[in-house]
Amino acid sequence: MVRLLVGLLIVGGRRLEHVVYVKGDPVFQRFSGLAHLPSPRTLSRWLKNFKVVWVERLQWLNAEVVAPIVRHLSVRTLTIDVDGTVVSTGLQVERAFRGFNPHHRKVPSYYPISAYLAETGHVLRVQNRSGNVEDGKASLAFLKDLFRQVGATVGGDYRLVFRMDGAFFKEKVIRLLESRGAGYAIKVPFYQWLDLQSLIRRRRRWERVNAEVECFEEVLAPSPWDTFLRVAIYRKRVHHPTRKNYQLDLFDPDDGTYEYSAIASNMELSARSLWWFMCGRGAHEKVIGQLKSGLAFDTVPTNHYGANSAWQQIVTLAHNLLTNFQIETGAARRTRSRKRTALYVLKSPQTLRFELFNRAGEVVRPNGRTVLRLSDNAKVRHVFERIAGQLAQAA
């Protein structure tokens, strides 16, 4: 049944009802291993049987899928992006509450958190949560489980480096990362008790990052935390007022308009390098968008929390299998950049469907042997032969 849902997602299905459109497809039924495909109602009942323990089994299945690729990388540091995303639900969905939903504030939602491995493009771990959770406080258990998962599946020989947004700027989160020997780069909100505004006001010389961005570094001692933090503060010149102009009253109008941001880090990177490193978080946001638009992560198939959590794990499994498929069949390598994004050129699910999966064909049986016959296209033939050769080597 898991293979059935993975296959349905890969070919473009977004709801349980879409299973009726692949009935009678011999290629799909061979992939799923089922002689007769179930009805949407049967799929819904099967999903609703999922309890927390079975969702955790799916999480470990995802971890086992990712681990072999990671162990073959020639890197000693793994960069992990952690962030939450909103999945809007219906009014009758179990454990869905109003919370952080910037576009639809009154709509109940889930707020799943995910960990993305920047080097390979895999989603290491996903945890479904109610929509009214506070990201920073609720992330502690998730991070502990993530450390345990990486140690058990990949090994303890890697140094982990985390990138997070301002919601994770919490004392307990930072102390947890430091206690595990992990590096981190976390966006710093402009809280009044940090008084970053006075540092900006007093600053006269800024270091240039690029044509639009300047920076400087400070060591802060937040009084509630009883610790020291290295913080890099940035300003980006813009040509019009925006919502991110937190300190418009600090400068004369002749000085221009700036957007300000700050990053706390314990990594041995200069402020300039830290800016580019933090820009790499955009790859995680892009993958979250692909999960929603290409693999139905934002679909809520039932009103049952366990079923919806299992659906998110199966969507993640489909994404990780597609990533493995591309890496193991010869995806081109990228040049390592300052943003520390994926080492491979990976295609979106929509592109893979157009180029490989959703192709017209005919199942014929010459001399009693089943053959899938495709149209004679030189480009398609070259791609399929290359993939067949790579799969033989991977096997």
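The values are calculated or read from the model by the stated rules, or taken from the named source; none is laboratory data. Keep in mind that what you see is a predicted model, and the values were worked out from it rather than measured. Note that each Cβ is placed from the backbone with ideal geometry, even for glycine, and that neighbours are counted across all protein chains shown.
Restrict the check to the range 141-150 and report whether at least one residue is crowded, with 21+ Cβ neighbours inside 10 Å, within 27 Å of ILE233 (Cβ to Cβ) and touching a residue at least 12 places away in the same chain (Cβ under 8 Å).
Yes.
Return yes or no: is PHE190 assigned to a strand (DSSP E or B), out of contact with any Lys or Arg (no Cβ under 7 Å at 6 or more places or on another chain) and closer than 30 Å to GLU259 by Cβ? Taking the combined requirement at face value, the residue does not satisfy it. The requirement of being in contact with a Gly (Cβ under 7 Å, 6 or more places away or on another chain) and either assigned by TED's automatic domain parsing to the domain that holds ASP226 or closer than 24 Å to CYS279 by Cβ (or both) is fulfilled nowhere in the range 139-156; no residue meets it.
Go through the residues of the range 113-120 one by one and say whether even a single one is buried (at least 19 other Cβ atoms within 10 Å of the Cβ) and either among the aromatic types (Phe, Trp, Tyr) or at pLDDT below 90 (or both). Within the range 113-120, one or more residues are buried (at least 19 other Cβ atoms within 10 Å of the Cβ) and either among the aromatic types (Phe, Trp, Tyr) or at pLDDT below 90 (or both). Restricting attention to the range 1-54, which residues are at positive phi and surrounded by fewer than 14 Cβ atoms within 10 Å (Cβ to Cβ)? Those that are at positive phi and surrounded by fewer than 14 Cβ atoms within 10 Å (Cβ to Cβ): GLY24, GLY33. Of everything in the range 203-219 that is of a type in the set (A, V, I, L, M) and in a strand (DSSP E or B), the residue that is farthest from TYR234 (Cα to Cα) is VAL219. Listed by position, the helices (runs of 4 or more DSSP H) contained in the range 1-113 that have at least 1 residues being touching a Lys or Arg at 6+ places or on another chain (Cβ under 6 Å) are 26-32. Among residues belonging to the range 75-92 that are of a type in the set (A, V, I, L, M), farther than 15 Å from ASP135 by Cα and modelled with pLDDT under 95, point out the one that is surrounded by the fewest Cβ atoms within 10 Å (Cβ to Cβ). So, considering only residues that are of a type in the set (A, V, I, L, M), farther than 15 Å from ASP135 by Cα and modelled with pLDDT under 95, the one surrounded by the fewest Cβ atoms within 10 Å (Cβ to Cβ) is LEU91.
Looking at the range 272-384, the helices (runs of 4 or more DSSP H) lying wholly inside it that each contain 2 or more residues that are crowded, with 21+ Cβ neighbours inside 10 Å sit at 282-295, 305-328. Here ILE288 clears all of (1) more than 29 Å from LEU274 (Cα to Cα); (2) within 13 Å of the chain's Cα centre (by Cα); (3) not polar (S, T, N, Q) except the condition numbered (1). Output the number of the condition that ILE200 fails; it satisfies all remaining conditions of (1) of a type outside the set (D, E, K, R); (2) in a loop (DSSP other than H, G, I, E, B); (3) modelled with pLDDT of 90 or more. Unmet condition: (2).
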